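First up is the structure itself, then whatever we jot down about it.
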Amino acid sequence: MAEYDVIVVGAGPAGSSAAKQAANLGLSVLLVDKETFPRSKPCAGGARFLVSELLDFDLSSVAQRKISGVSIFAPSGFRVDCIPENRSKPGITVMREDFDHLLLIKAAESGAQVMENCEVIDIQESSTSVSVTTMDGETHTGKFLIGADGMNSRVAKQLRFYAGWRNDSASVALEIEAKVGEEKVREICGEPGNDDTSLIQLYFGEFPHGYTWCFPKREILSVGACCRQDKVSNLRAGFERWFSKFKDEHSIEPQILSDSSARFPVRPAGRMVKGRALLVGDAAGLVDAFTGEGIPEAIQSGILAASAVREAVVASNPMALSAYVEDCKRMILSELNVTQSMAKLFYKSIRNMETLCSFFRDDYYSRQLIGSAIGGIISQKEAKRKLTFRMLRKNPRAALSLYL
């Protein structure tokens with residue numbers, strides 16, 4: 001007999017959200033992670049307002065800064081501030097160790113059994129159950145399994161969802177946490193004319209298919225760089241060039257608190273359900289191809305997976321898990337497909353980056369649309385449609401040049 005209705009492997013935002021939702025739906029849940037929380041996690045730490053809407057608890061205890069929009073820096077260096085007209089849904093920045101730990105606590109409070117410092121080393125699936133064996137030699141059995149263990153997912157590889165990620169399906173990133181103090185953070189990233197909100201900063205042109213960034217925290221700047229893996233050439237050297245100029249421009253000599261690197265997928269996995277197992281978050285490749293953001297998609301996919309598992313438990317039929325795929329197509333993949341096409345067009349060339357940034361600079365409405373899309377106030381699909389029509393009407397020659 002299965003010990004649990006569902007076992008969740010990985011306690012990041014996707015896994016903890018899945019475990020919490022499953023427990024709230026009355027399922028018996030085991031949530032396991034190889035780390036002990038709070039644990040360090042390389043990430044810029046931006047969270048759109050959608051994150052607050054998806055979660056049923058307050059995030060103020062882990063919010064570092066309130067984010068009203070984004071500053072885009074063109075390859076030639078000019079700055080474009082994109083702030084939505086609707087300012088009722090600000091985003092936040094978080095330190096991932098605090099944010100992820102809070103989600104894990106909430107999953108436990110909802111009734112999920114949590115096992116930290118517990119690496120899964122073997123997974124076996126039968127016609128009636130799935131079992132996981134941990135590093136300490138213990139085996140736990142569940143009716144279903146949710147793989148939330150990132151892009152190097154053991155669940156995915158051992159159950160043969162996929163063998164790995166091609167170079168054009170993944171990006172590499174490095175991040176530094178630079179302590180500069182609250183006043184300097186506000187000076188560098190504060191929204192002009194508004195002391196209460198800040199802007200995240202994205203710098204384009206240093207890399208052919210990526211960007212450098214600066215995300216404001218309370219006393220810290222999260223600065224880093226990312227590039228698609230098949231396009232990258234010495235990411236560290238490019239970042240160091242940018243960071244040296246950044247420090248000179250802002251007259252800072254920050255205290256470096258951490259220096260880390262990571263990989264993340266930029267294309268959805270071809271398969272997200274197989275037998276009695278589901279993949280969520282980074283393990284399923286649910287990441288924005290343009291920005292590399294994945295927190296909202298992780299949380300949403302975890303919630304959707306838990307609901308599908310409940311239906312499968314009630315029906316005693318793993319075929320019910322197919323509802324998860326349909327829900328993801330409708331609520332997540334439809335948006336990620338748009339980010340794929342936007343990334344393909346924007347990162348096609350430095351010329352395209354410059355052309356689009358110039359159009360945004362010169363068109364107030366487009367800047368509002370960009371701010372609304374990045375903030376999650378409007379859908380990516382709606383933003384792309386409106387931006388396309390706007391550019392064709394206002395500057396058709398520039399619009400057509402993007403495809404040449």
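Please treat every number below as a calculation from the coordinates, not as lab data. What you see is a predicted model; the values in this text were computed from it and never measured. All Cβ positions, glycine included, derive from the backbone under ideal geometry; neighbour counts span all protein chains shown.
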Label model pair TYR364, GLU97: point-to-point distance (7 angstrom along the Cα→beta-carbon line) in nm is 4.5 nm
Expressed as a percent, the portion of alpha-carbon pairs in region 168-265 spaced more than 20 Å apart is 37 percent
Mean separation of Cα contacts under 8 Å (6+ apart) over length of the chain, as relative contact order %
22 percent
Using all Cα-Cα distances in region 264-355, what percent lands in each 10 angstrom bin from 0 up to the longest?
18, 43, 24, 11, 4, 1
Of the peptides 139-151, 359-371, how do they stack up when ordered by the mean number of other Cβ atoms within 10 Å, highest first?
139-151, 359-371
Beta bridges by DSSP in the chain, antiparallel share as percent, to the nearest 5
70 percent
Stretchable slack from SER322 to ASP122, in nm (0.36 nm times residue separation minus alpha-carbon distance)
69.5 nm
If a paramagnetic tag sat 7 Å from the Cα of ASP230 along the Cα-Cβ line, which residues of region 258-291 would have the backbone N under 14 Å from that point?
266-268
Would you mind calculating the gained length between GLU240 and ARG351 on full extension (0.36 nm times residue separation, minus the Cα-Cα distance), in nm to one decimal?
37.6 nm
Value of relative contact order over region 342-401, rounded to a whole percent, pairs C-alpha under 8 Å and six or more apart
22 percent
FRET efficiency (ASP136, GLU253; Cβ distance; R0 51 Å; to 0.05) is 0.65
Relative contact order (percent) for region 161-297, with alpha-carbon contacts under 8 angstrom and 6 or more residues of separation?
29 percent
Say a paramagnetic label sat at a point 7 Å from the Cα of ASP168, along Cα to Cβ; which residues of region 256-290 have their backbone N under 13 Å from it?
267
Region 213-241 versus region 335-404: alpha-carbon centroid distance in Å:
23 Å
